[in-house]
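Laboratory data are not the source of any read-out in this text; all were calculated from the coordinates shown. Model, not experiment: these values are computed from the prediction. Using ideal geometry, Cβ is built from the backbone for each residue, glycine included, and neighbour counts are taken over all protein chains shown.
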Amino acid sequence: MINYSVTKYIPLTIISIVSNLAPIIVVVLAFLILKEVIRKFDLLMMMMTLVGIFGVILGGDDENESSDEDPALPFLVLYILLMLNPFLSAGGTIAMRKMKKFGDATVSWYLQWAVLISSALIMLA
């Protein structure tokens, strides 16, 4: 939802680049939460990728080609929501990896409650 709501105000290239940070964040979260091993070469490649991504994001022009009107939220909030998106996606991937330990009924119970709560919040908004 974040990707679709910010496309009117933030250039699509930045949205695409930030959204594609999710695999790097999954690796970092797997290291921190699941205690998986990251090789030095993988760490070096991730750092080089991050430097390149932030160079594109911060070095790009600030002109907004998508819309002439102002967003309902300040641009800083839109960028924060956009940066939050890959972390939420990566967190879901790590959570599902941990859910393999539980039974099918438990996983489905949590999944249904999560869908119910998130749908209710979206409907209220």
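Restricting to DSSP H runs of at least four residues, report the calculated mean residue ellipticity at 222 nm for the chain, -39500 (n - 2.57) per run over all residues, nearest 500 deg cm²/dmol. Here the helix-only value at 222 nm equals -23500 deg cm²/dmol. Between residue 54 and residue 13, the simple spin-label model (points 7 angstrom out along Cα→Cβ) gives 2.0 nm.
If R0 equals 22 Å, the separation of the Cβ atoms of residue 120 and residue 80 corresponds to a calculated FRET efficiency of about 0.40. Farthest toward the positive end of the dipole of the range 1-62, out of 58, 6, 31, is the Cα of 31, where the dipole comes from beta carbon charges about the Cα centre. Here are a few candidate values for log10 I(q)/I(0) by the Debye sum over Cα atoms at q = 0.11, 0.15, 0.16, 0.21 Å⁻¹: (i) -0.52, -0.88, -0.96, -1.23; (ii) -0.58, -0.85, -0.90, -1.12; (iii) -0.55, -0.76, -0.82, -1.15. Which one was actually calculated from the structure I just gave you? Only one listed value fits the structure, namely (i). In a simple Cβ point-charge model (Lys, Arg +1; Asp, Glu -1; nothing else charged), the range 2-124 has a dipole of about 1060 debye relative to its Cα centre.
Within the range 1-55, list the trypsin sites (Lys or Arg not before Pro) lying in a DSSP loop whose Cβ has at most 16 other Cβ atoms in a 10 Å radius. Here the sparse-neighbourhood loop sites are 8, 35, 39.
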